[in-house]
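The values are calculated or read from the model by the stated rules, or taken from the named source; none is laboratory data. All values reported here derive from a predicted model rather than from experimental measurement. We place every Cβ from the backbone using ideal geometry, glycine too, and count neighbours over all the protein chains shown.
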């Protein structure tokens, strides 16, 4: 009943009043949990039942849906947990501001996206902590779930609240809010946790204290309540004396090797565009490059790779299951993958001919060559990202980036010569030992890149330069250094802006991260448990979505800090003593403190450290302390005993530079009539196109590609259906590269499409048959009201308004249309009356209208003209002023001259 109430409130009320309503539906293709409202998934596989599961967990990403749906760690755990017959794993994301306000107003709890069950009905809630500035969102989501924010205030046994993810390597700033943390790789430990919960859940005598004590005995689990910060040792948590010998003094991270288990090949596919709207293939976990500012590079050691053959096999399966037209190789440094050329070649051989393109994250300049460029350029010409990080060789040696000036310039030339139009460059300011010459080096390098077109006699590259601000992080050699003050950051940013202006670099788009965000990040990344109180107080004052410039309010943080006696600027800029303890040292990342100190000294002496998979063991401690190894597809080390090769078959892929021709010749043209009903009214036309194109690939329909820069399936759609509209009749054309029986096409597509989008008919037509001109189209709409009782009061006035409207020969309105850049609107006059062929009342209680419009006229414009003024006033008082909260509009038929 709780789930049904949540669903009903959403689709009949809340989703009609918020931005991007489609993000809250939870019925994406590939979801695994059943609900009461049916889905095509049931015909493909048995969905999991919330009520039948022995343990119910919701994975929560404390930021927007479009970010959370791209989170790879969440996808891994979602697949692993739901593959277990006794467990269920739902998903939840942070609601946007408008939905947040509505949930509070309507007293509706935050819910699991797929089951629609309130979060407080789950046994476990697991937060993915990827970024420190999402911490206040965690508190907000707990409150929206009707749960106490502080773990000490939550007396019920369930749900238990836990967290994992990169920032939990210093869990102390969030220790007051979570019952426990998972440290390191979560793939194995999460099942151990769920098995324990399953055993203890039905044990009536189990207390929360006893359950947490049993959880704390699982390797990799940190339960803060059993460890008290010691103010005499920089608030380093110490195990309670009565638990000595029962629990570990430090919590060692968990390490898992790469396998089929932790590479998702069938995740839920969002209907809305996500930040990484592509299939993600984890090629390498861990990075031994040793950039001294980079926390993930240290805490996720050792290096673990997949073989090229496994990547081809798994990517083939994933792309078939998802229908994506792009995939990306995920790694902290994909360029360091030991068989990079071979895997790019093999992957392109497998996927290029299907119009599926390969992309990679930031490239190392010394590893980026023409062959790699050709592999990334074989289907679509996207941009290339390079990260020099610093402006001079000296500073790059300090941070252990290991890049020479000539290597960076050669990489940019390779970008140019390979036909790419856009290059992104990433730098960081405020790094330890930074000098003015290092800032000049950034400007000089941008000048060289900008001037490259003159030597090439080609059009200049589009250059985007992003400059971030240094934040000292735990478990790095730079954890002891201070952060620049806010004033120093501002001076450096202004200096760079002035240099770019003086050099007249008009083709360079310069972006800077906000130093205020870096200030908060520094405080939380090296904070102790006292910072929990700061986060709590700032949240209570209104802090949320602090990572977003438009939401960050530093006044709230300064006020909170002042009330607690904390100086934010001091905390961020203070230098930590090397000999002193640190609050994050309750966690054992495997790294020896001695090693980090040596790297700190090497930085001050400008000495580089070569990666251990390309050299010798540097005795960082990870392999011999945690009893793990570096697993690579090719051993390039110098007899490093901690580097092992994964067995692999020989490679036989074509050369990456080979051009694969996409089918662009049409042999059959199909006219399709389809529906868009029910919950799909909450997604836009562009989302519908994306949904359909992915279904084409999953159904293995032999479609033709468009030509040009970004090849896509060759389709034509008659009249784009606006968001909130439903339709029983949508018309489109599809061109095929091979003949296919119409009924077979219809069946295969319908099996890959949701119930709300179904192919009603598919018939072959002649190539000269075109979609009709909009001017020759009539559209029949059936219209119902969401507020029948309200409209009944004004039915006479409504009928009079309709008669008055129809009696007019002309009715000129001002209409506004967004310009192409979406930042401004254009105004024009439209005579609406000649576009209305028929408007009549079909039913009074409830009110039902039939409307026939010419062309692409939007029905709500007409409906606005027939609303009685008294009714309009009453509706606005009730906060239902948006048309979609009043009218359910369904397109019933498109009538053309041809028909």
**Request:** Out of the residues in segment 783-808 that are surrounded by 18 or more Cβ atoms within 10 Å (Cβ to Cβ) and either in contact with a strand residue (DSSP E or B) (Cβ under 7 Å, 6 or more places away or on another chain) or outside the structural domain of residue 834 (by TED's automatic domain parsing) (or both), state the one that is modelled with the highest pLDDT.
**Result:** 783
**Residue identified as touching a helix residue (DSSP H, G or I) at 6+ places or on another chain (Cβ under 9 Å), in a loop (DSSP other than H, G, I, E, B), in contact (Cβ under 8 Å) with a residue 40 or more places away in the chain and farther than 29 Å from residue 265 by Cα among 109, 115** = 109
**Flag if residue 146 is over 21 Å from residue 586 (Cα atoms), buried (at least 18 other Cβ atoms within 10 Å of the Cβ) and touching a helix residue (DSSP H, G or I) at 6+ places or on another chain (Cβ under 7 Å)** = no
**Prompt:** Has segment 95-108 got at least one residue that is buried (at least 21 other Cβ atoms within 10 Å of the Cβ), at pLDDT 95 or above and touching a strand residue (DSSP E or B) at 6+ places or on another chain (Cβ under 9 Å)?
**Reply:** no
**Request:** Just give me the residues in segment 380-411 being surrounded by fewer than 22 Cβ atoms within 10 Å (Cβ to Cβ) and more than 30 Å from residue 601 (Cβ to Cβ), in sequence order.
**Result:** 380, 381, 382, 383, 385, 409, 410
**Prompt:** Does residue 368 fit the bill of being at pLDDT below 95 and buried (at least 21 other Cβ atoms within 10 Å of the Cβ)?
**Reply:** yes
**Request:** Count, please, the residues in segment 702-734 that happen to be in a loop (DSSP other than H, G, I, E, B) and either within 30 Å of residue 17 (Cα to Cα) or not assigned by TED's automatic domain parsing to the domain that holds residue 749 (or both).
**Result:** 8
**Asked** Which is more than 30 Å from residue 372 (Cβ to Cβ) and assigned to a helix (DSSP H, G or I), of 474, 437?
**Response** 437
**Message:** Show me the helices (runs of 4 or more DSSP H) found entirely inside segment 280-362 where at least 1 residues are out of contact with any helix residue (DSSP H, G or I) (no Cβ under 9 Å at 6 or more places or on another chain) and farther than 19 Å from residue 385 by Cβ.
**Reply:** 308-322
**Fill in**
When residue 272 is run through (1) surrounded by fewer than 23 Cβ atoms within 10 Å (Cβ to Cβ); (2) at pLDDT 95 or above, the failure sits at (2)
**Asked** Does residue 184 count as crowded, with 19+ Cβ neighbours inside 10 Å, over 30 Å from residue 106 (Cβ atoms) and under 26 Å from the mean Cα position of the chain (by Cα)?
**Response** yes
**Request:** Give the number of residues within segment 576-597 that are under 24 Å from residue 286 (Cα atoms) and surrounded by fewer than 17 Cβ atoms within 10 Å (Cβ to Cβ).
**Result:** 4
**Request:** Might you check whether a residue that is touching a helix residue (DSSP H, G or I) at 6+ places or on another chain (Cβ under 8 Å), closer than 28 Å to residue 88 by Cβ and either modelled with pLDDT of 95 or more or outside the structural domain of residue 309 (by TED's automatic domain parsing) (or both) occurs anywhere in segment 237-253?
**Result:** yes
**Asked** Is there a residue being within 20 Å of residue 399 (Cβ to Cβ), touching a helix residue (DSSP H, G or I) at 6+ places or on another chain (Cβ under 9 Å), buried (at least 16 other Cβ atoms within 10 Å of the Cβ) and outside the structural domain of residue 140 (by TED's automatic domain parsing) anywhere in segment 525-547?
**Response** yes
**Asked** How about segment 235-248: which of its residues are more than 36 Å from the chain's Cα centre (by Cα) and not in a strand (DSSP E or B)?
**Response** 240, 241, 242, 243, 245, 246
**Message:** Looking for something under 30 Å from residue 875 (Cα atoms) and not in a loop (DSSP other than H, G, I, E, B) - is there at least one such residue anywhere in segment 754-777?
**Reply:** no
**Prompt:** Looking only at segment 585-611, which residues are farther than 30 Å from residue 222 by Cα and either in contact (Cβ under 8 Å) with a residue 40 or more places away in the chain or assigned to a loop (DSSP other than H, G, I, E, B) (or both)?
**Reply:** 602, 603, 604, 605, 606, 607, 608, 609, 610, 611
